[in-house]
Amino acid sequence: TDKEADIVVIGGGGAGMTAALQASQNGAKNVVIVEKMPQTGGNTVYATGGLNASETSVQKKLNVKDSNQSFIDETIAGGKKLNNPELVKTMVEGSAAAVDWINQIGGDLSELGRSGGMSVDRLHRPKGGAAVGPMIVKTLNENIEKENIPVLLNTTAKEIVLNDKNAIAGVKVADASGEYTIKCKAVVLAAGGFGANSDMVVKYAPNLKGFGTTNHKGATGDGIILAEKANAALVDMEKIQTHPTVEPSTSVMYTEGVRGDGGILVNKEGKRFINELETRDVVSAAILEQPEAISFLIFDQAVREKLSAIEKYINLKIIEEAETPEELAKKIGVDPAAFAETMKAYSQAAASGVDKDFGRKEMKSKLDKPKYYAGKCAPAIHHTMGGVKINTVCEVLKADNAAIPGFFAAGEVTGGVHGGNRIGGNAMADIIVFGRIAANSACKYVEANG
Ligand code: ADP
């Protein structure tokens, strides 16, 4: 049977839960979240690094000098200058309040780190450098329960229903009992990206055929398709971020630092195949050309001792280790003689400074200090930068930039904030800042059109 609500939030990830909670804090009485998976959290729960924010109370307390302008400039430089500058400015200017909001509702963003492309410690994270996503999802879940906001799990949004004026009239959904419509005045679309939908990825970026994903199973781009059918314009759809060294069974990403500090890549035949320090897209493509489209990230004790991040991978038991190259090769199912030969040749190249096979310039380790380590890896889709076109108050726009009345969107489902490349820590800023703005806009709209 059909239902009614003032605001329907589509998607129970970080952006959607933020929007629902903010709407409730604004006094909205009849907000409902529909979430297609059996649990909330989406991709947000996988976020590890932190939340980038500038001019924050936390930075002041820790005597870190920062400016919104520097955060804006570095985000746009990192995005290859393809970002929508208005959206970046809005994200940055809302970021300090986002940190305070998360802390006020019982979260923990009390420590600072730094992400690639940022010149200041503005990566806000929980004490001890714990992962940010689980903390944010747990905090939002607790508050949503406290505020009695209904979360309809296992419920998939199928269609945005418009009235004869092309304004929001409801959302058609499906659950185990069948299909029904939730009539509503406003929709906040927060259904995330499409990094787990390989057909859709390949449609927009044919060169990404065959890539795995670091994304959760529900990141199938439903929200983008629903919005497009409701007249929304899309932007930057072909801008998809990949990462070349992701462990296939756990989707754990090995930081580029492992290669930077001396690691190499070998294929199933025990041979190198690329200058490992090429850009992400080039290395990813080379791995896909290898047998079984996989590779092994190889390093030695010297690299491990330089890079503390490696300890996490060791603890997760996704790294094989051995006292000799031959022994390591046996453990990973690679021909021991060929692998030992590769290691010997690489040691000589590193010692002479000339990599005549692949032209690698920086070889910081000779890879001759036991133990030896190997981690299986393949490239994977990491983040979809494109999506639904919005303005700075999260109205969903048509191609002519006119807003669709009652329709708002936030988070990875939208495009424009991150341009050609998302900086680590900016997804969390994106979802909290724009989730709150979308809620404020939806509440205002409902009040004016109630
Ligand atoms: P963001 O970071 O933008 O919040 P997430 O990936 O964390 O994005 O969350 C998006 C959520 O939306 C996921 O939990 C996903 O399962 C959910 N979702 C995706 N498509 C639908 C749909 N058609 N109906 C309901 N929920 C959806």
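We did not get these values from a lab; they are worked out from the coordinates using the rules stated. Small disclaimer: the values here were computed from a predicted structure and weren't measured. Virtual Cβ from ideal backbone geometry, glycine too; neighbours counted across all protein chains shown.
Per-structure values
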| read-out | value |
| --- | --- |
| Identity of the residue in the stretch 149-174, assigned to a strand (DSSP E or B) and more than 10 Å from the ligand (Cβ to nearest atom), that ends up nearest to Ile431 (Cα to Cα) | Val151 |
| Criterion: more than 20 Å from Ile332 (Cα to Cα), crowded, with 23+ Cβ neighbours inside 10 Å and touching a residue at least 60 places away in the same chain (Cβ under 8 Å) - qualifying residue of Ala233, Ala227, Ala285 | Ala227 |
| Residues of the stretch 302-313 classified as surrounded by fewer than 18 Cβ atoms within 10 Å (Cβ to Cβ) and in contact with a strand residue (DSSP E or B) (Cβ under 8 Å, 6 or more places away or on another chain), total | 0 |
| Subset of the stretch 5-52 that is more than 8 Å from the ligand (Cβ to nearest atom) and in a strand (DSSP E or B) - its residue that is surrounded by the fewest Cβ atoms within 10 Å (Cβ to Cβ) | Val32 |
| Residue check for Gly420: more than 16 Å from the ligand (Cβ to nearest atom) and in a loop (DSSP other than H, G, I, E, B) | yes |
| Helices (runs of 4 or more DSSP H) enclosed by the stretch 294-401 - at least 1 residues per element that are over 28 Å from the mean Cα position of the chain (by Cα) and over 30 Å from Val235 (Cα atoms) | 301-306, 325-332, 336-352 |
| Number of positions in the stretch 73-101 that are assigned to a helix (DSSP H, G or I) and under 19 Å from the mean Cα position of the chain (by Cα) | 12 |
| Only one of Ala227, Ala233 that is of a type outside the set (Lys, Arg), out of contact with any Asp or Glu (no Cβ under 8 Å at 6 or more places or on another chain) and within 16 Å of the ligand (Cβ to nearest atom) | Ala227 |
| Options Asn68, Asn30, Asn26, Asn63: the member that is under 24 Å from Tyr445 (Cα atoms), without any contact (Cβ under 8 Å) to a residue 40 or more places away in the chain and among the polar types (S, T, N, Q) | Asn30 |
